[in-house]
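The values are calculated or read from the model by the stated rules, or taken from the named source; none is laboratory data. Everything numeric here is computed off the predicted structure, so don't read it as measured data. FYI the Cβ positions are ideal-geometry reconstructions off the backbone, even for glycines, and counts take in every protein chain you see. Accessible surface is based on the protein model in full, side chains and every heavy atom, while ligands, DNA and RNA are left aside. Shrake-Rupley method; radii C 1.70, N 1.55, O 1.52, S 1.80 Å.
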Amino acid sequence: MKKQLNATVSWVGKVDWELAKFHGDEYSTHKGSTYNSYVIEEEKVVLIDTVWKPYAKEFVDNLEAEGLLARLDAVIAQHAEIDHSGALPELLRRRPDLPVYCTANGIKSLTGHYHQKWDFHPVKTGDEYDLGHGKKLVFVEAPMLHWPDSMFSYMTGDAILFSNDAFGQHLATERLYNDLVDQNELWNECIKYYANILTPFSPLVKAKIEQVLSLNLPVNLIATSHGVIWRDDPTQIVLKYLEWCQNYQEDRVTILYDTMWDGTRALADTLARAITGASTSTTVVSHCLSKFDKNDAITDVFRSKAVLIGTPCINKGILTAVASTLEEIKGLKFKGKKAAAFGCYGWSGEMTKIVTEHLKAAGFEVVDEGLRALWNPDAEALAAADAWGRAFTGKL
Ligand code: FEO
């Protein structure tokens, strides 16, 4: 239901506590999510974004119950992805006269999804919507943050930046604001969201943030479309994005592997000990990709200066959990990270070569041709793995 942010601006979104997967099955949401929608009630009454499709009727019914539906003068569709536009068909079925303000790309995406001839009004960066009472919304196109159609809206007077996906995180909360939630949970979800969704667009993130900061606009609130609204030191998330978008890395090494008969797992465990022993400052984390969450593993890759990818050889190839993660990592376009492959084999042993090719194609600097162990590694093979891990650490 409606939650007042200030005298004229309210949250009217949906808290989705049971969301476990997002983007189909591609993104794990351990903490649920929210679809944030806002209503501004100045002389004009304006809705900013809607909610995911399954909650469309509930959302529009709530607007009606709050006496808002009949009073709306416009809807601002900042992004056409279904988690924000999903209630537009229901809204516009009940208010077909309502003008829809979005970017030119937004018209293409919304028409592509819903195949409706709504009353579209395309906007560009710098265009304004007059709210009355001396306030206005100023639009800023933000292509690829997250789709080509994305845009921000800045409300003058109240100094609210409606940022849609940017600066968001998948965190269900009824508490609305960044200072009212568990800070560890908040920042874990923020970095996971950036790592898994925004990494490929980092150059655009940097350019857009620099453009917005150069305007020197006051910002009281950053009202995202997922998770919390940033009110306590709202630019802290902007500055964090500036760190994350510039080939971010920590003194961390991530090992990603899968195993068939424990040989590659034994190598992974040995490498974790070897790197930890070789560098007292380096954090080492290891993920078995077939058993644990892929998105958490990718978040660790984002945080790392180097990755080791392990798989045994199977049918002259690599295990599927490793292959699918490498495919996803390639799309994320990580930069400035080092890498190498490892694994066990019985006869042909192409796995390190295959993984190395994937790593190079994904933009990693491969610093070693890879560690291979024939059959199940014995004490001698594990000692060799330990030495290899220490040498790898020396190359970082
Ligand atoms: Fe939250 Fe790109 O949608």
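In Å², what does the accessible area per residue of the chain work out to with a 1.4 Å probe?
Values: 16440 Å² over 396 residues.
Dividing the accessible area of the chain by its residue count gives 42 Å².
For His358, what is the net charge nearby, where nearby means another residue's Cβ is under 13 Å from its Cβ and Lys, Arg count +1, Asp, Glu -1?
On the way: positive: Lys330, Lys353, Lys360; negative: Glu327, Glu328, Glu350, Glu357.
Neighbour charge sum, excluding His358 itself: -1.
Enumerate the amide H contacts of Phe342 below 5 Å, restricted to partners 5 or more residues apart or on another chain; note that Pro and chain-start residues carry no placed amide H.
Amide H to amide H, under 5 Å and 5 or more residues apart or across chains, Phe342 pairs with Ile309, Gly310, Thr311, Leu371.
What order, most packed first, do the peptides 25-33, 138-146, 123-131 have when packing is the mean number of other Cβ atoms within 10 Å of each residue?
Numbers: 25-33: 17.8, 138-146: 20.3, 123-131: 15.6.
Peptide ranking by packing, descending: 138-146, 25-33, 123-131.
Quick one: Karplus J couplings for region 294-303, per residue in order, coefficients 6.51, -1.76, 1.60, θ = phi - 60°, nearest Hz, x for Gly and Pro?
Once rounded to whole Hz, the list reads 5, 5, 5, 4, 5, 4, 5, 4, 4, 7.
Put +1 on the Cβ of each Lys and Arg and -1 on the Cβ of each Asp and Glu in region 3-244; which of Pro148, Gln211, Thr34 then has its Cα farthest toward the positive end of the dipole?
It is Pro148.
Count the DSSP beta bridges whose two residues both fall in the chain, then state the antiparallel fraction as a percent rounded to the nearest 5.
Numbers: 28 of 64 bridges.
Here the antiparallel bridges make up roughly 45 percent for the chain.
Give the percent of DSSP beta bridges with both residues in region 253-394 that are antiparallel, rounded to the nearest 5.
Numbers: 1 of 22 bridges.
Taking every DSSP beta bridge with both residues in region 253-394, the antiparallel ones total about 5 percent.
Cα centroids of region 136-181 and region 257-286: how far apart, whole angstrom?
Spelled out, the Cα-based centre of one part sits 40 Å from the other.
Once the convex hull of the alpha carbons of region 354-395 is built, what does its volume come to per residue, in cubic angstrom? Don't skip to the end; give the middle numbers.
On the way: hull volume 2.8 nm³, N = 42.
Convex hull volume per residue, Cα atoms: 66 Å³.
Express the carbon and sulfur contribution to the solvent-accessible surface of region 3-244 as a percent, rounded to the nearest whole number, probe 1.4 angstrom. Let's see the in-between values first.
Values: 4950 of 9470 Å².
Carbon and sulfur together cover 52 percent of it.
Hey, got the dipole for region 3-244? About the Cα centre, +1 on K and R Cβ, -1 on D and E Cβ, debye to the nearest 20?
Working: 22 positive and 34 negative charges, 74 e Å.
Dipole size: approximately 360 debye.
Take every DSSP beta bridge with both residues inside region 19-117 and express the antiparallel ones as a percent of the total, to the nearest 5.
If we restrict to bridges inside region 19-117, about 55 percent are antiparallel.
Given the rule -39500 (n - 2.57) for each run of at least 4 DSSP H residues, summed and divided by the residues of the chain, what is its mean residue ellipticity at 222 nm, to the nearest 500 deg cm²/dmol?
Values: 12 runs with 132 residues, N = 396.
Rounded to the nearest 500, the figure is -10000 deg cm²/dmol.
Spelling out what I want: for every residue of region 323-337, take phi, set θ = phi - 60°, compute 6.51 cos²θ - 1.76 cosθ + 1.60 (Karplus), and round to whole Hz; glycine and proline get x.
Working through the residues one at a time gives 4, 5, 5, 4, 4, 5, 4, 4, x, 7, 6, 5, 10, x, 10 Hz.
So for region 253-394, what percent of the C-alpha to C-alpha distances run longer than 18 Å?
So the portion of pairs separated by more than 18 Å is 48 percent.
Cα atoms only: what Rg and Dmax, in Å, come out for region 3-244?
Reported Rg and Dmax, both Å: 16.4, 45.
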